[in-house]
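Let me begin by presenting the structure, written as structure tokens, before commenting on it.
Coordinate-derived values only; no laboratory data. Just so it is clear, the structure is predicted and the values come from calculations on it, not from any experiment. With ideal geometry, Cβ positions are generated from the backbone for all residues, glycine too; neighbour counts draw on all protein chains shown.
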Amino acid sequence: PALTNDDVPYTFGVRFSTSVTGFVKGVRFLTSGDVSAVPGNYTGQLWTNTGTQLASGTFAGPITPDSWQELLFTEPILISAGTPYVASYSTTGGLTGPFTNGSVTALAGGGLFIPGTPVAFPTTSTNNNYWADVIFAPNNYSFVLNSVTDALGCTNNPGTPLQTLNVASVD
């Protein structure tokens, strides 16, 4: 019998950007309730907007229905604020407007896919939401530190926010 689009491998993805520079630590995707009907290997990728692969890996099994599957890359990938990237997942088996969660925005029309290849840069754009996502951490944080308490309970509270904090690692 002839293969249909449901019988070939797919790579699904989402085009996204961030409002701050930071690290993509991995990718994730939401499985459907019938994931057991699509057995096989699942891989995740991070791409530039033009298709250069920045990172990839294999999701550890088992893949379970109706849940987020997460893959952490061997090394976090530093990305630039305001630059589009693509996160994807591949399997052997709709975004009509932007969606923002914290500093990450899935772009309108950012659903992407490519059928028929085990792992490839998804190039066909759609308004569908394939629930591909990134695990993102900003490159730096801003906060006001007013006091520090050590392990013995001693507190340093200078009255004005601390300007310098030296942190020593404990091996």
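Around Leu72, what is the net charge, scoring Lys/Arg as +1 and Asp/Glu as -1 over all other residues with Cβ under 12 Å from its Cβ?
Numbers: positive: Lys25, Arg28; negative: Glu70, Glu75.
Spelling it out: positives minus negatives among the neighbours equals 0.
Under a Cβ-Cβ cut-off of 11 Å, what is the net charge of the residues other than Phe136 that fall near it, where Lys and Arg count +1 and Asp and Glu count -1? Don't skip to the answer; put the middle values down first.
Details: positive: Lys25, Arg28; negative: Asp133.
Result for the neighbourhood of Phe136: +1.
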